[in-house]
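**Q** First, the structure itself, so that you have it in front of you.
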Amino acid sequence: MLVHEQILDTRAERMNQTMLVLAAVTVVFSPLTLISGMLGMNVAGIPFSDSPWAFWGVAGGLLLIASLLVLWMKAQKWL
């Protein structure tokens, strides 16, 4: 009986760790998906739509946001 409970506890701990990683990935990629989805809409008047550096500027901004979110989550000891 004790061995069975130990196995169940180990399995529950592993599941909790997996869910934490999944939640962290969701938190990092949700804002990036929102921003890139909004910039992908076909509407007139998007700022810098004719600039050759606009794609790399947005990609760099999204990378910066993702990096800051990961650093913040590590500072909170969530990762």
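**Q** Just the residues that are outside any helix (DSSP H, G or I) and at pLDDT below 85, please, taken from region 53-79.
**A** If the condition is that a residue be outside any helix (DSSP H, G or I) and at pLDDT below 85, then TRP78, LEU79 are the ones that fit.
Listed here are the residues, each with its yes/no results for (1) β-branched (Val, Ile, Thr); (2) without any contact (Cβ under 8 Å) to a residue 12 or more places away in the chain; (3) surrounded by 10 or more Cβ atoms within 10 Å (Cβ to Cβ); (4) touching a His at 6+ places or on another chain (Cβ under 7 Å).
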{"position": "ALA23", "(1), (2), (3), (4)": "no, yes, yes, no"}
{"position": "THR33", "(1), (2), (3), (4)": "yes, yes, yes, no"}
{"position": "PHE48", "(1), (2), (3), (4)": "no, yes, yes, no"}
{"position": "PRO52", "(1), (2), (3), (4)": "no, yes, no, no"}
{"position": "GLY57", "(1), (2), (3), (4)": "no, yes, yes, no"}
{"position": "LEU71", "(1), (2), (3), (4)": "no, yes, yes, no"}
{"position": "LYS77", "(1), (2), (3), (4)": "no, yes, no, no"}
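**Q** Now for a different question. Look through ILE35, ILE65, ILE46 and report the one residue that is more than 16 Å from the chain's Cα centre (by Cα) and of a type in the set (Val, Ile, Thr). Give the derivation first.
**A** Values: ILE35 fails: more than 16 Å from the chain's Cα centre (by Cα); ILE65 fails: more than 16 Å from the chain's Cα centre (by Cα).
Going through ILE35, ILE65, ILE46 in turn, the sole match is ILE46.
**Q** Return the total of residues in region 36-52 being part of a loop (DSSP other than H, G, I, E, B) and either in contact with a Ser or Thr (Cβ under 9 Å, 6 or more places away or on another chain) or of a type in the set (S, T, N, Q) (or both). It would help to see each step written out before you state the result.
**A** Of all residues in region 36-52, those part of a loop (DSSP other than H, G, I, E, B) come to 40-52.
Now drop any that are not either in contact with a Ser or Thr (Cβ under 9 Å, 6 or more places away or on another chain) or of a type in the set (S, T, N, Q) (or both), which leaves 42, 49, 51.
Total meeting the criteria: 3.
The values are calculated or read from the model by the stated rules, or taken from the named source; none is laboratory data. Just so it is clear, the structure is predicted and the values come from calculations on it, not from any experiment. Cβ coordinates were reconstructed from backbone atoms using ideal geometry, including for glycine residues, and neighbour counts include every protein chain displayed.
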